[in-house]
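The structure appears right after this line, and notes come after that.
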Amino acid sequence: ILLGSPLPKGPGGLVLVDLEQAAVVKEIGSIPNPTAVAFTADGKRAVVVGFGSGRLGAPGSLELVDLAKQEVVKSVPVGTFPEDLALDETGEVGLF
């Protein structure tokens, strides 16, 4: 989201951006209201928190993204309204 622009409508997703070209490379997955992302130390994976929306029936989720394949490889429902995420230095343990 660019500063000053309205929030997008719809579920959202993880967007890969080429900062030098100021261009969107790809939008990965359909993630309900993504609110946080953490990258593993090796840069191969990202974990995205989907905030969900209890009133619309979409649960919150954790999405595991393979960055080389540029796709969600696992989605885990986690209940309603998860907000933030932290991974340890191994990228194997985290909390949200």
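The values are calculated or read from the model by the stated rules, or taken from the named source; none is laboratory data. If you're wondering where the values come from, they're calculated on a predicted model, not measured in any experiment. Note that we place each Cβ from the backbone using ideal geometry, even for glycine, and neighbour counts take in every protein chain shown. Surface accessibility is based on the protein's heavy atoms, side chains included, excluding ligands, DNA and RNA. Shrake-Rupley method; radii C 1.70, N 1.55, O 1.52, S 1.80 Å.
How would you order 76-88, 35-47 from highest to lowest mean count of nearby Cβ atoms within 10 Å?
Order by mean packing, descending: 35-47, 76-88.
So how much slack lies between residue 96 and residue 19, counting 0.36 nm per residue of separation and subtracting their Cα-Cα distance, in nm?
Going from the current span to full extension adds 25.0 nm.
According to a simple spin-label model (label point 7 Å from Cα along Cα-to-Cβ), what is the distance in nm between residue 83 and residue 27?
2.6 nm
What aspartates and glutamates does residue 74 reach when the alpha-carbon gap must be under 12 Å and sequence neighbours fewer than 8 apart in one chain are set aside?
Answer for residue 74, where 12 Å is the Cα cut-off: 63, 66, listed by chain and number.
Taking a cut-off of 18 Å between Cα atoms, list the aspartates and glutamates near residue 69, but don't count ones fewer than 8 places away on the same chain.
18, 27, 42
Compute, for residue 75, the solvent-accessible surface of its heavy atoms (probe 1.4 Å) with the complete set of protein chains present, and express it in square angstrom to the nearest 10.
About 70 Å², rounded to the nearest 10.
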